[in-house]
1. Looking only at residues in segment 200-232 that are β-branched (Val, Ile, Thr) and touching a strand residue (DSSP E or B) at 6+ places or on another chain (Cβ under 6 Å), which one is surrounded by the most Cβ atoms within 10 Å (Cβ to Cβ)?
2. In segment 137-162, how many residues are more than 9 Å from the ligand (Cβ to nearest atom) and not in a loop (DSSP other than H, G, I, E, B)?
3. Kindly indicate whether Glu57 is within 16 Å of the ligand (Cβ to nearest atom), surrounded by fewer than 18 Cβ atoms within 10 Å (Cβ to Cβ) and modelled with pLDDT of 95 or more.
4. Write out, first by first residue and then by second, each pair whose Cβ atoms fall under 6 Å of each other, whose residues are 6+ apart or on separate chains, and whose first residue, in segment 27-40, is under 16 Å from Leu173 (Cα atoms) while the second is away from the ligand (no atom under 11 Å from the Cβ) and of a type in the set (Phe, Trp, Tyr).
5. Pairs needed: first member in segment 213-238, in a loop (DSSP other than H, G, I, E, B); second member anywhere, crowded, with 17+ Cβ neighbours inside 10 Å and of a type in the set (Val, Ile, Thr); C-beta distance under 7 Å; at least 6 residues apart or different chains.
6. Output the residues belonging to segment 82-95 that are exposed (fewer than 12 other Cβ atoms within 10 Å of the Cβ) and more than 24 Å from Val15 (Cβ to Cβ).
7. Residues in segment 163-196 that are of a type in the set (Asp, Glu) and within 13 Å of the ligand (Cβ to nearest atom): how many?
8. Which members of segment 233-271 meet the condition of being of a type in the set (S, T, N, Q) and either over 14 Å from the mean Cα position of the chain (by Cα) or surrounded by fewer than 19 Cβ atoms within 10 Å (Cβ to Cβ) (or both)?
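The values are calculated or read from the model by the stated rules, or taken from the named source; none is laboratory data. Small disclaimer: the values here were computed from a predicted structure and weren't measured. No Cβ is skipped: glycine too gets one built from the backbone with ideal geometry, and neighbour counts run over all protein chains shown.
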Amino acid sequence: MKEHARQARAENRIVSLVPTMGALHGGHLSLIERAKRDCSPVIASIFVNPKQFGPNEDFAKYPRSFESDCMKLEQAGVDSLFAPAPSEIYPNGFATYVNVDGLSEKLEGRSRPGHFRGVTTVVMKLLQIVQPNFAYFGRKDAQQVRIITQMARDLNLDTEIVVCPLVREPDGLAMSSRNAYLNTEERKAATVLYRALDAAKHELAAGVRDAPQLQTSLRRKLDSERLATVDYAEVVDAESFTSVTRVGKPCYVVLAVFIGKTRLIDNLYIEPKSADSEELLFHF
Ligand code: AMP
């Protein structure tokens, strides 16, 4: 892959990378579509990264569908696929890690210790291997892309990190490979994340700016769903991912909720329409 990407760069082509863990869905494909608009070649990667899963998490049972993923990538017009084995990425004796301090300990990092260290380490490796001009990430994982952007800045990477919109199912559920874990009843219940975010959006549109008040109504909505157990439901600053008391600057409403045994995340991105405006723009 290093040689392959080097060749494309030598031809002055605009190289892009779309990193994934496979079990591809419309969210992944939207990143590829976007990459194809800006770049050629588009390189996708599939790697279920063991280092970003905790010891009691779902690494072993994470959905893997390599054959159908390959077909989807081909259909989407991806130029090449990088699908290394874990032993290629982490050979015996592997000892170097990348960690973005501070941001990596908050929210997702608090619930999943070591998760972001695994993410930044593998993404750094993928970016080193391909050295793309652009790398595409989804806002579905808002904290992840914030951390990766920070890493790229801190380590002077030549890759521009592009943030793409979150893609949802018709009933609002954020597309995720983990949705495959849900049974019929849980699948229905899982829309509560979207319903809670949508209710928050309406409150904000009606003028509510008090974050604790928003959090209380988020909780109430989420708790009303019998199969849902809330991990966190917070309003955080979009830069620092620390709690805000009032919605003013760009921020996220972030949710992590268990539906049965399946942990799902979702978010709503909010920004002022203009610097001096009270009006807000919402990005679901
Ligand atoms: P994953 O395979 O879950 O590691 O995700 C690979 C990339 O796809 C990440 O940049 C994710 O943020 C992005 N992604 C996953 N789900 C969605 C979605 N529903 N909408 C947009 N991007 C997504």
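1. So in segment 200-232, the residues β-branched (Val, Ile, Thr) come out as 208, 216, 229-230.
When the remaining residues are screened for being touching a strand residue (DSSP E or B) at 6+ places or on another chain (Cβ under 6 Å), the result is 229-230.
Numbers: Thr229: 15, Val230: 17.
The residue in question is Val230.
2. Step one: list which residues in segment 137-162 are more than 9 Å from the ligand (Cβ to nearest atom), which gives 143, 146-147, 149-162.
After this cut, where a residue has to be not in a loop (DSSP other than H, G, I, E, B) as well, the list is 143, 146-147, 149-154, 160-162.
The total comes to 12.
3. Numbers: within 16 Å of the ligand (Cβ to nearest atom): yes; surrounded by fewer than 18 Cβ atoms within 10 Å (Cβ to Cβ): yes; modelled with pLDDT of 95 or more: yes.
Criteria met by Glu57.
4. Close Cβ pairs (under 6 Å, with a partner that is away from the ligand (no atom under 11 Å from the Cβ) and of a type in the set (Phe, Trp, Tyr)) do not exist here.
5. Filtered contacts from segment 213-238: Glu225/Val192; Leu227/Ile259.
6. Passing the criteria: Ser87, Pro91, Asn92, Gly93, Ala95.
7. Taking segment 163-196 first, the residues of a type in the set (Asp, Glu) are 169, 171, 185-186.
After this cut, where a residue has to be within 13 Å of the ligand (Cβ to nearest atom) as well, the list is 169.
Count: 1.
8. Restricting attention to segment 233-271, the residues satisfying the condition of being of a type in the set (S, T, N, Q) are 240, 242-243, 245, 262, 267.
Correct list: Ser240, Thr242, Ser243, Thr245, Thr262.
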